[in-house]
Amino acid sequence: MLSATPGLAQPLPSYGPEVTHETAKKIATAALTEAIKRKWPVAVAVVDNHGFLVYYERLDDTQTAGASIAVEKARTAAMFRRPSRSFDERSKTQVSILGMPGATPITGGLPIVVDGKIVGGIGVSGMAADPDEQIAQAGLDGLQ
């Protein structure tokens, strides 16, 4: 079973085995298919549960900054076991979030949860926050 991780107040899933290259590519392909369908130029990064890059792809004409931001969003989701949106939302009222090493408070990163365990994260960048997260979710939905 694959799903996004709950917000900060709920218990977090444990780490599981690392996402495989095959699974990472399948997630990225589903995300990119959705982005292409919508004509949204984005970068998609998939990291393992330690935050190390496993798969990356960038569509033509994606903003330059999106390349590294996608990786950081994925790392945030995997390493903190929650969507990067949770840091985005909390940073509006709790400025100290901005000082957390490795926490990128920008919506668009989702943890990859398989059988109730965190196996990695997906990060998407290139559009606004909600479309980036929508593309990331399409990647997760591609495994179901």
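In whole Hz, what ³J(HN,Hα) sequence does segment 54-61 give by Karplus (6.51, -1.76, 1.60; θ = phi - 60°), x for Gly and Pro?
Calculated HN-Hα couplings, in order: 10, 8, 8, 8, 10, 6, 4, 6 Hz.
Can you pull the one-decimal nm distance between simple spin-label points at Gln144 and Thr29, each 7 Å off the Cα toward Cβ?
If labels sit at Gln144 and Thr29, their model points lie 2.0 nm apart.
Magnitude of the Cβ-charge dipole of the chain, K/R +1 and D/E -1, about the Cα centre, nearest 20 debye? Intermediate results must be reported in sequence, preceding the final value.
Details: 14 positive and 15 negative charges, 42 e Å.
Using only the charged Cβ atoms, the result is roughly 200 debye.
Take the chain, connect every pair of alpha-carbon atoms lying under 10 Å apart with a spring to form a Gaussian network, then pick out the residue of Gly126, Gly116, Gly108 with the largest mean-square fluctuation.
Comparing Gly126, Gly116, Gly108 in a Gaussian network model of the chain, the most mobile one is Gly116.
Taking a virtual spin label 7 Å from the Cα of Tyr15 along the C-beta vector, which residues in segment 104-120 bring their backbone nitrogen under 14 Å of it?
Counting only backbone N, you get 112, 117-120.
Based on Cα positions only, what radius of gyration and what Dmax would you give for segment 16-141, in angstroms?
Radius of gyration, then largest Cα-Cα span, for segment 16-141: 13.1, 39 Å.
Mind listing the phi-derived Karplus ³J(HN,Hα) values for segment 96-108, rounded to whole Hz, using 6.51, -1.76 and 1.60 with θ = phi - 60°, and x for any glycine or proline?
In residue order, the calculated couplings are 4, 4, 5, x, 6, x, x, 9, 9, x, 9, 4, x Hz.
Have a look at Thr20, Val124, Thr104 and report the one farthest towards the positive end of the charge dipole of segment 16-141, computed about the Cα centre with Cβ charges (Lys/Arg +1, Asp/Glu -1).
Thr104
Report the extension gain between Ser91 and Lys37 in nm, rounded to one decimal, defined as 0.36 nm multiplied by the number of residues separating them, less their alpha carbon distance. Before the final figure, lay out each step's value.
On the way: separation 54, 0.36 × 54 = 19.44 nm, distance 3.21 nm.
Length gained, Ser91 through Lys37: 16.2 nm.
Laboratory data are not the source of any read-out in this text; all were calculated from the coordinates shown. Just so it is clear, the model here is predicted, and its values are computed rather than measured. In this analysis, Cβ positions are derived from the backbone assuming ideal geometry, glycine residues included, and neighbour counts consider all displayed protein chains.
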